[in-house]
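Trainee: Mind having a look at this structure? Questions to follow.
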Amino acid sequence: MKSSKYEIDMCNGSIMDKLISFSLPLMLTSILQLMFNAVDIIVVGHFTGSQALAAVGSTTALINIFTNLFIGLSLGANVLAARYFAVRHDREMSEAVHTAIALALVSGVAMVFVGLAASRFALELMDTPGDVIEQATVYLRIYFMGMPFFMLYNYGAAILRAVGDTKRPLLFLAFAGMANVILDLLLVIVVPLGVAGVAIGTVASQFVSSILVLRCLYRSEGSYQLRFSKLKIRWVYLKRIFQVGIPAGIQSTVINFSNAMLQSSVNSFGSTAMAGYTAANNILGFLYAAVNAVTQACMSFTSQNYSVGKPKRMDRVLADCAVLSVGVSLLIGVGAWVFGSQVLRIYTTDGEVIQCGLEILSITTVPYFLCGIMDLLPGALRGMGHSAVPMVLSIIGTVGVRILWIYGFFPQYRSLYFLFISYPGSWIATIIMQAVCFWFVRKKCHRQLQDHTVSPSY
């Protein structure tokens with residue numbers, strides 16, 4: 001089945017070694033991205049001050065709200081492409097690829113206009129302090145200018161992941177990240193542009209990564225080769241992308257909306273707490289990158305094995321992914337907790353900011369393996385083509401618990417530690433509901449596969 005050294009045969013042979021081979025480059029890609037983002041934060045924190053640090057940090061939740069619907073759609077493209085690739089439907093694979101890239105371009109351009117128009121208003125809705133909001137607005141507007149490049153890279157990388165190629169996106173991001181670091185140092189230290197310089201560096205790096213991934217698809221051989229003359233949104237493939245992608249995107253968007261509400265609560269403590277949250281949240285990002293890489297592996301492996309009718313292998317994929325996710329998250333989470341003070345000093349030398357960051361890390365890092373399990377089950381369900389129900393359950397469990405906590409309990413016990421208890425609480429509630437859902441969907445899918453009622457094309 002494998003025709004390229006970059007591809008992985010997900011449907012035959014051993015599983016754990018292939019999961020590691022798939023997820024490790026993806027994990028490193030995400031971690032590398034976060035490291036470059038951390039450079040943004042470190043450079044701003046050390047050379048511009050805590051207000052600028054808070055300004056950059058205050059935009060994270062908003063960026064995620066604006067972009068996650070379209071990132072969810074890239075998951076739909078990944079699932080669809082993986083299925084076509086598994087059963088060697090070359091024409092459908094090609095048309096799905098060109099539909100996905102066209103969608104990425106259109107959505108990216110749309111996000112430029114949304115970001116420019118709504119940035120200031122959205123920051124005001126989040127009660128961003130007056131000493132931060134001007135810099136935050138500048139950062140956000142420049143950042144959104146790079147949305148077409150951001151979307152093209154993510155959709156292109158999703159197509160490569162569908163065939164098992166997670167190594168080349170890692171290399172592309174490494175080149176882009178180096179450009180980001182160089183520009184950060186140049187535009188913040190040498191040319192003192194502050195948060196604007198950091199934003200420009202980010203946009204430039206997104207441009208580099210998008211060019212590299214498009215070049216890779218263009219030069220590829222076989223069904224996922226890209227030809228710009230063939231770019232066209234075909235409704236039949238767009239509909240199938242939407243079936244998986246829209247629920248996944250809505251889920252991420254709504255969860256990030258709850259994070260935005262959490263950001264508003266943090267904002268009420270002032271710019272010092274905001275800066276501490278910015279640093280701590282960046283560290284938590286490394287944890288999420290690790291567990292999400294395993295979820296991506298689970299989704300791709302499940303999708304291909306579902307397409308070729310191998311239910312027992314699907315079960316083994318999920319079990320191995322659970323072991324991998326828990327192991328990785330505990331390793332990084334315990335490390336982040338034990339060495340939290342030292343790690344936070346990389347971001348800032350302000351003692352009060354470090355203390356705020358430690359307060360947040362103390363309740364979120366060690367139990368982060370729960371977030372991994374919470375993320376894994378919907379990933380397996382999406383691989384089987386079921387995305388709507390896990391979306392609803394994730395929203396109820398994660399968002400519902402956090403809203404209840406923020407507005408019901410937090411006003412009586414105002415502290416960062418108490419506020420962030422909502423994280424593990426929401427993870428546990430969501431896992432329970434997702435596990436019940438998964439059990440019933442699994443039984444249904446196994447029955448369908450045994451009866452040969454699943455269409456191999458989707």
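Trainee: Do the conditions hold for residue 436, that is, is it in contact (Cβ under 8 Å) with a residue 60 or more places away in the chain and either crowded, with 20+ Cβ neighbours inside 10 Å or under 27 Å from the mean Cα position of the chain (by Cα) (or both)?
Mentor: Here the answer is no, as residue 436 does not meet what is asked.
Trainee: Which of the residues that make up segment 287-343 are outside any helix (DSSP H, G or I) and touching a residue at least 24 places away in the same chain (Cβ under 8 Å)?
Mentor: 308, 309, 310
Trainee: Quick check on residue 223: is it on the phi < 0 side of the Ramachandran plot, assigned to a loop (DSSP other than H, G, I, E, B), of a type in the set (S, T, N, Q) and buried (at least 20 other Cβ atoms within 10 Å of the Cβ)?
Mentor: yes
Trainee: Let me ask another. Determine if segment 83-91 includes at least one residue that is surrounded by fewer than 24 Cβ atoms within 10 Å (Cβ to Cβ), under 23 Å from residue 139 (Cα atoms) and modelled with pLDDT of 75 or more.
Mentor: no
Trainee: Cβ-Cβ under 8 Å, sequence separation 6+ or interchain: first residue in segment 2-18 and of a type outside the set (Val, Ile, Thr) and modelled with pLDDT of 90 or more, partner part of a loop (DSSP other than H, G, I, E, B) and surrounded by fewer than 17 Cβ atoms within 10 Å (Cβ to Cβ). Which pairs?
Mentor: Cβ pairs passing all conditions: 18/9.
Trainee: Still on this structure, I have one more. Just give me the residues in segment 314-349 being among the charged types (D, E, K, R) and crowded, with 20+ Cβ neighbours inside 10 Å, in sequence order.
Mentor: 320 - this is the single residue of segment 314-349 that is among the charged types (D, E, K, R) and crowded, with 20+ Cβ neighbours inside 10 Å.
Trainee: Would segment 197-204 turn up any residue that is in a helix (DSSP H, G or I), touching a residue at least 60 places away in the same chain (Cβ under 8 Å) and over 21 Å from residue 138 (Cα atoms)?
Mentor: Looking for residues that are in a helix (DSSP H, G or I), touching a residue at least 60 places away in the same chain (Cβ under 8 Å) and over 21 Å from residue 138 (Cα atoms), one finds none in segment 197-204, hence no.
Trainee: Looking only at segment 363-393, how many residues end up being assigned to a helix (DSSP H, G or I) and either of a type in the set (A, V, I, L, M) or under 16 Å from residue 269 (Cβ atoms) (or both)?
Mentor: So the answer is 14.
Trainee: Can residue 161 be described as closer than 27 Å to residue 249 by Cβ, crowded, with 17+ Cβ neighbours inside 10 Å, modelled with pLDDT of 90 or more and not polar (S, T, N, Q)?
Mentor: So residue 161 does not fit the description; no.
Trainee: Moving on to the next point. Taking segment 252-296 only, how many residues are within 16 Å of the chain's Cα centre (by Cα) and modelled with pLDDT of 80 or more?
Mentor: So the answer is 16.
Trainee: From the list 44, 87, 79, pick out the single residue that is more than 28 Å from residue 164 (Cα to Cα) and of a type in the set (A, V, I, L, M).
Mentor: Answer to the selection: 44.
Trainee: Same structure again: I want to confirm something. Restricting to segment 442-458 and keeping residues that are surrounded by 18 or more Cβ atoms within 10 Å (Cβ to Cβ) and assigned to a helix (DSSP H, G or I), which single residue is modelled with the highest pLDDT?
Mentor: Once the filter is applied, the top-ranked residue is 442.
The values are calculated or read from the model by the stated rules, or taken from the named source; none is laboratory data. It should be emphasised that the depicted structure is a prediction, and the values quoted were computed from it without experimental measurement. Glycine also receives a Cβ, built like all others from the backbone with ideal geometry; neighbour counts cover every protein chain displayed.
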